[in-house]
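Working notes, beginning with the structure itself.
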Amino acid sequence: MSKRQFKAESKRLLDLMINSIYTHKEIFLREIISNASDAIDKLCYISLTDDKVGLNREDFAIRIGVDKEARTITVSDNGVGMSQEDMEANLGVIAHSGSLQFKSQMSDEAKEDVDIIGQFGVGFYSAFMVSDKVTVISRAYGSDTAHKWESTGADGYTITECEKPAAGTDIIMHIKPDTDDENYSVYLESWKLRELIKRYSDYVRWPIRMDVQHTEYKETGEKDDQGNPKREPVTTTQEETINSMVPIWQRSRSEVSDEDCIAFYKEQFHDIDDPVAVIRVNAEGLTSYKALLFIPSKAPYDFYSRDYKPGLTLYSSGVMIMENCADLIPDCFRFVRGIVDSPDLSLNISREMLQHDRQLKVISNNLEKKIKSELSSLMEKDPEKYDKFWDSFGRQIKYGVVNEYGIKKDLLKDLLKFHSSGSDKLTSLKDYVSRMPEAQKYIYYASGDSLKTAQGLPQNEQVKAKGYELLYFIDDVDEFVAQILHTYEEKEFRSVTGADLGLESDEEKREQEAEAEKTKPLIDFIRETLKDEVSDVKLSSALVQSPVCMSYEGDISLEMERYFASIPGEAGQQIKAKRVLELNASHPVFKALEAAFEGDKERAGKIARVLCDQAKLLAGIPVEDMAGYTEAVCQLI
């Protein structure tokens, strides 16, 4: 019996297969089980036209055995098996896939009925990540002879004849001894193997069976010192099917209710609350896939942190490929949890990662539309449930509008909700616009760090006096949302603290211009006095009862200035709004300011500074010199 070398592959290539392709050693069991599943698929397909197979569908299974003393794991299948030539081709040539070759020879109709997992011919070699010796005993269907393939790695392999009672394959992995860095013995534990099967191979279509030990405490017939019956542990071993086989998302709606799906969600994603929506997708065509998605009702504790891992769990033909595939959904919907299963995805050679191809993009785009449609339906049909969702994830939707320069704004704009002066409940932009009087040209909003602050802005007075509704922006991202959207249904967003609210008639504008000309010396004096505090000073058209307010000119609002100021580092501190101090010419305070300007300019200067600081406080801008402000107020009193 001579040792043969791997054909066309060097020690370096096999080392690459064993040490570089896979990032997790535990993947080995998934790969070996997947190969066993493929072997059963092949024989099951043959049995459709060959009654000599002698096996019904329920007779096929994968069995896993553990021998701790011998340090071996055996994965057995009763599939198509391998001849000596098959062993030479499939095990002696790295990256030759017998499964792929088998699939290429099938008709298009047959391909739809058989899920062949193996595509690259390298999965088998993952066994060497945890094994120092691998033995394969196999008998091909239709052959009377079995063969044993044996290898300790890159130094080659041997093939000899042996005995095996029926067609199928046994893969015996001799587990490596433990090292300081690796605990290989854990793979000899029944609980660990069951865990790996449930995690990676739970939905392989064939039953995966193992001997499982159960311990019960039975009475001995004797009593202890206290007179209680004595019990002793009794351990029994029985073969059990570990995997679920048919996943819930592969079943029809008539077989699985929404309640069943919700129960699956709670168990799979460890959530005690029901999701607000269940989305089922069964797509067929150039890219076929099934998906089961859930929209949670509450955000997990780490959702808005860097530790949160978004993405859907990706399966290919029942085998888990990625636990968090973020590329399947856009970031704006990163809160969605669920499963996608497709046989059509192009996977990389280790099946641990996805190649970015057209199929992936098609699925992502379709799921994006499905999620948007579900949320829109929820908003319309069950607003209370949508508001519950919005409390947890509304900010994420807003960030989605702003991200990447508004690439998703048209997708998300109808999902937005804000506080409003026209309703005790949150309102959508669509509802706001539907309530606008015919004469109203703009969507008006007031910003603040709280609802109470936004409601109390002096500039609100003029808008309310016209009978117009206000949106209240209380999240730091809200003003950025308004800038990105710019308009909604051709109605432009206008901040009440902006330079022009578009509320004055031509006659009112002429009266303001005349008043401004009359008070120009005083306004110029205030501009000079406050030149380090504000960019401009003017008489206000927005104020009705309040004496003063702070507005802005340009693209940077006061709210944005506060947001950038909260960001650590010098860059944010340098972004400033062009502040404009607005004065109410009809207010008694302004009359007192005029009188002081005529007779006591020092006093007029103090009044101007106090009014400026009051405007800052109303706008939520910190007053740098609170001691000076307090002293000035006391002197004026």
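Miscellaneous remarks
- Per-region count, the stretch 425-480, residues aliphatic (A, V, I, L, M), open to solvent by less than 60 Å² (accessible area, probe 1.4 Å), within 23 Å of VAL548 (Cα to Cα) and part of a helix (DSSP H, G or I): 3
- Selected residue (criterion: surrounded by the fewest Cβ atoms within 10 Å (Cβ to Cβ)) from residues of the stretch 154-165 that are out of contact with any helix residue (DSSP H, G or I) (no Cβ under 6 Å at 6 or more places or on another chain) and under 17 Å from ASP132 (Cα atoms): ASP155
- Cross-chain or 6+ apart pairs with Cβ under 6 Å, the stretch 529-540 first and within 9 Å of GLU582 (Cβ to Cβ) and hydroxyl-bearing (Ser, Thr, Tyr), then at pLDDT below 90 and buried (at least 17 other Cβ atoms within 10 Å of the Cβ): SER540/GLU582; SER540/ASN584
- Scanning the stretch 592-631 for residues that are of a type outside the set (Lys, Arg), within 27 Å of LYS520 (Cα to Cα) and open to solvent by 60 Å² or more (accessible area, probe 1.4 Å) returns ALA595, GLU598, GLY599, ASP600, GLU602, GLN614, LEU617, LEU618.
- Those residues of the stretch 176-212 which are β-branched (Val, Ile, Thr), surrounded by fewer than 17 Cβ atoms within 10 Å (Cβ to Cβ) and touching a helix residue (DSSP H, G or I) at 6+ places or on another chain (Cβ under 9 Å), in sequence order: VAL186, VAL212
- Across the stretch 555-562, not a single residue is classified as among the acidic types (Asp, Glu), open to solvent by 60 Å² or more (accessible area, probe 1.4 Å), in contact with a Lys or Arg (Cβ under 7 Å, 6 or more places away or on another chain) and under 29 Å from GLY605 (Cβ atoms).
- Matching residues in the stretch 588-619 - criterion: being farther than 14 Å from VAL548 by Cα and not aliphatic (A, V, I, L, M): GLU594, PHE597, GLU598, GLY599, ASP600, LYS601, GLU602, ARG603, GLY605, LYS606
- Pairs with Cβ under 8 Å, 6+ apart, first in the stretch 137-158 and under 22 Å from ASP38 (Cα atoms) and among the charged types (D, E, K, R), second open to solvent by 40 Å² or more (accessible area, probe 1.4 Å) and part of a strand (DSSP E or B): LYS148/GLU161; GLU150/LYS133
- Any chance LEU312 is of a type in the set (A, V, I, L, M), at pLDDT 85 or above and under 17 Å from the mean Cα position of the chain (by Cα): yes
- Of all residues making up the stretch 403-424, the number that are in a helix (DSSP H, G or I) and either crowded, with 22+ Cβ neighbours inside 10 Å or among the acidic types (Asp, Glu) (or both): 5
- Pairs where the first residue, in the stretch 213-242, is part of a strand (DSSP E or B) and loosely packed, with under 10 Cβ neighbours inside 10 Å and the second is modelled with pLDDT under 85 and of a type in the set (A, V, I, L, M, F, W, C), C-beta under 7 Å, 6+ apart: none
- Subset of the stretch 434-482 (residues that are under 18 Å from ASP500 (Cβ atoms) and among the β-branched types (Val, Ile, Thr)): ILE443, VAL463
The values are calculated or read from the model by the stated rules, or taken from the named source; none is laboratory data. Just so you know, these numbers come straight off a predicted model, no measurement behind them. When we count neighbours, we look across all protein chains shown, and the Cβ atoms used for this are built from the backbone with ideal geometry, even at glycine. What goes into the accessible areas is simple: the full protein's heavy atoms, side chains included, and nothing from ligands, DNA or RNA. Shrake-Rupley method; radii C 1.70, N 1.55, O 1.52, S 1.80 Å.
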